[in-house]
Amino acid sequence: MKITDVTTFVVGNPPPHFGGRYFIFVKLTTDNGIVGYGEVYTATFSPHIVAAMTEDTAQRHVIGSDPFRIENMWRNMYGSGFTQRPESSLVAVMSGLEMACWDIIGKAVDKPVYELLGGKVHERLRSYTYIYPEEGDTTDVYADPDLSAERAAKYVGQGFTGVKFDPAGPFSAFDPRQPSQERLELSETFVRKIREAVGTKADLLFGTHGQFTPSGAIRLARRLEPYDPLWFEEPTPPEMPEEMAKVARATTIPIATGERLATKYEFARVLQAGAASILQMALGRVGGLLEGKKIAGMAEAHYCQIAPHLYCGPIEGAANVQLAACTPNFLILESIQQWGGFHSEILKTPMQWEEGFVIPSTAPGLGVELNEDVALANPYTYTALHLEMRDHPADFL
């Protein structure tokens, strides 16, 4: 069996845009008609440029190849152009192509991917969601602790046992910085009011995006510790895990990180530094499913757990489910609420979510199929990137 064709889809995510402004899907087809889907997660260039990069990489290293030869294909892509380093855009392209190969492999042998990566360990997967705004909100849920507490209680009533929120301030290309007293106070108020609203029925996941210096993150962590969050996410930027380790040593809150890291090599530095006890690989960026499994194995040897990250489309989400289902040290899975809305419409069969848990599909491959008609009917025609930072310092915000 050989791969004979590649197609990409740049899909606009309609309002309210939960999961980002657009999704980049890739489709591989074999000479015996098997189709595999993957998802590329990167925001460094226009999605149409990323789609062209994906097609170029596929033409050079994937077309004509046996999809079962994952390791061989991966090394050839990783070393292309004399790179041989975790270059995030290239690795994101590799991730989508590798994911699609696993989808083909599973369909070829009529097995879910998790059965091919060690077999199912978890019958159901605990999930969490961000606290999202709703139509008709008169205040900003990300700035209003009372509204967020009300919304958190609603999610817990649906069955969620974890809610995430990030009230610590805007994200700037000029970070890291010290948090202001106003943001310290607001962050503590968020955690206190949400804890009061959900009690011990749910874990609180405090998100930041590498915004703070180690000392600033430690100051914030000490304000949050009395409310026992499950994690303090990416408190410092991702380049220097040795600095994040200073925060880990200074707080009782577990540190989670990894959404912006690529390959086993960058995660190895996190583990060696003792920077985190929860790893959040994004399978559309980290290098794909097998790379995610290798990282999970390294984490297991350090008594660390994994919590696959998701802020994109449901093909990466389905890959996350496959990895989580066969990983002993799985902790919790990020969901976009209950996988409804456009995340459901873009799939022929939606993800199965029940009372706070995702149920792994028994269908072969990734367990989902892209609805290409819906994808083609929703092209992304704008210039904004999937996620963007402020282009000036956040100053004292």
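Just flag the GluC sites (Glu not before Pro) in region 120-181 sitting in loop per DSSP whose Cβ has no more than 11 other Cβ atoms within 10 Å. Don't jump to the answer; show the numbers that get you there.
On the way: sites: Glu123, Glu134, Glu135, Glu150; in loops: Glu123, Glu134, Glu135.
Passing both the DSSP loop test and the Cβ count: Glu123, Glu134, Glu135.
Where both partners of a DSSP beta bridge lie in the chain, what percent of those bridges are antiparallel, to the nearest 5? Rounded to the nearest five, the antiparallel share is 50 percent.
Listed by chain and number, the lysines placed with their C-alpha closer than 23 angstrom to that of Lys193 are Lys154, Lys164, Lys201; residues fewer than eight positions away on the same chain are left out. Summarising the label geometry, the points placed 7 Å from Cα in the beta-carbon direction at Ala173 and Arg249 lie 3.4 nm from one another.
Once a ≥ b ≥ c are taken as the square roots of the eigenvalues of the Cα gyration tensor of region 120-181, is the result rounded (a/c under 1.5), prolate (a/b larger than b/c) or oblate (a/b not larger than b/c)? Here region 120-181 falls in the oblate category. To the nearest ten degrees, helix 88-109 and the longest principal axis of the Cα atoms of the chain are 60 degrees apart. Each peptide among 256-269, 45-58 gets the average number of other Cβ atoms lying within 10 Å of its residues, and from highest to lowest they stand as 256-269, 45-58. Report, in whole Å, the centroid distance computed from the Cα atoms of region 13-30 and region 287-340. Cα centroid of region 13-30 versus Cα centroid of region 287-340: 19 Å apart.
Which of rounded, prolate or oblate describes region 74-171 when judged by the alpha-carbon gyration tensor and an a/c cut-off of 1.5?
Details: a/c = 3.51, a/b = 1.66, b/c = 2.12.
Here region 74-171 falls in the oblate category.
Would you work out if the chain is rounded, prolate or oblate? Take a ≥ b ≥ c from the square roots of the eigenvalues of the alpha-carbon gyration tensor; rounded if a/c is under 1.5, else prolate when a/b is larger than b/c, oblate otherwise. Prolate, because a/c is 1.5 or more and a/b exceeds b/c.
Against the chain, whose longest principal axis is taken from its Cα atoms, helix 214-224 shows a tilt of about 70°.
I want the local charge near Ala375. Using Cβ-Cβ distances under 14 Å, sum +1 for each Lys or Arg and -1 for each Asp or Glu among the other residues.
Details: positive: Lys27, Lys348; negative: Glu39, Glu345, Glu369, Glu372, Asp373.
Value of the local net charge: -3.
Would you mind counting up the charge near Lys2? Only other residues with Cβ under 9 Å from its Cβ, with Lys and Arg at +1 and Asp and Glu at -1. Before the final figure, lay out the partial values.
Values: positive: none; negative: Asp31, Asp66.
The answer is -2.
State the percent of C-alpha pairs, over all pairs in region 3-111, separated by a distance greater than 21 angstrom. The partial results should precede the final answer.
On the way: 1948 of 5886 pairs.
Above the 21 Å cut-off, region 3-111 has 33 percent of its Cα pairs.
Readers should treat all values here as calculations from the given coordinates under stated rules, not as data from a laboratory. These numbers come from a predicted model, not from an experiment. Note that each Cβ is placed from the backbone with ideal geometry, even for glycine, and that neighbours are counted across all protein chains shown.
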